[in-house]
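See structure below.
Taken together, the values in this text are just the output of simple stated rules run on the coordinates, not laboratory data. Only a predicted model underlies this, so the values are computations on that prediction, with no experimental measurement involved. Glycine also receives a Cβ, built like all others from the backbone with ideal geometry; neighbour counts cover every protein chain displayed.
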Amino acid sequence: MYLTRCSSSTAQYLGAFIVDLNLVLHRLFLTTLTMELPRHLSKELIDDAVKTYKDTESAAIHHRVRGINPINFEQHIGDVIRESLPKDQVDVD
């Protein structure tokens, strides 16, 4: 509800941040799944996840967020996140 009361540009910035954060955290999660126990996050691992995301996906994601209609903005942000995840890793329930 909050995002629909923000100005359009504020909602877009906040929406892009929410999507970026979710997708970077998802990338980190998948990376740690392949690591041996105990799984530790390092500055290098986090930096690599952010850099890879910025180099591969962030421009397209930000373009999509800029095109979202402010009506039902939260739902559209969720759709962008779900559609950006690999299809075999999305729980539709």
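Observations
- Cα-based helix-to-principal-axis angle, 73-84 vs the chain, degrees rounded to 10: 40
- Sites residue 75 and residue 39, calculated FRET efficiency, Cβ-Cβ separation with R0 30 Å, nearest 0.05: 0.35
- For residue 45, net neighbour charge (Lys/Arg +1, Asp/Glu -1) across residues whose Cβ lies under 12 Å away: +1
- The GNM of the chain, with springs linking C-alpha atoms under 10 angstrom apart, assigns the highest mean-square fluctuation among 62, 40, 76 to 40.
- Among 71, 61, 81, the largest mean-square fluctuation in a Gaussian network model of the chain, built with springs joining Cα atoms closer than 10 Å, belongs to 71.
- Across region 62-71, rounded Karplus estimates of 3J(HN,Hα) from the backbone phi angles (6.51 cos²θ - 1.76 cosθ + 1.60, θ = phi - 60°) give 5, 5, 5, 5, 4, x, 6, 6, x, 6 Hz, Gly and Pro being marked x.
- For the chain, the relative contact order is 44 percent, taking Cα pairs closer than 8 Å that sit 6 or more residues apart in sequence and dividing their mean separation by the residue count.
- Within the listed set 36, 57, 83, the residue fluctuating most in the Gaussian network model of the chain (springs between alpha-carbon atoms under 10 angstrom) is 36.
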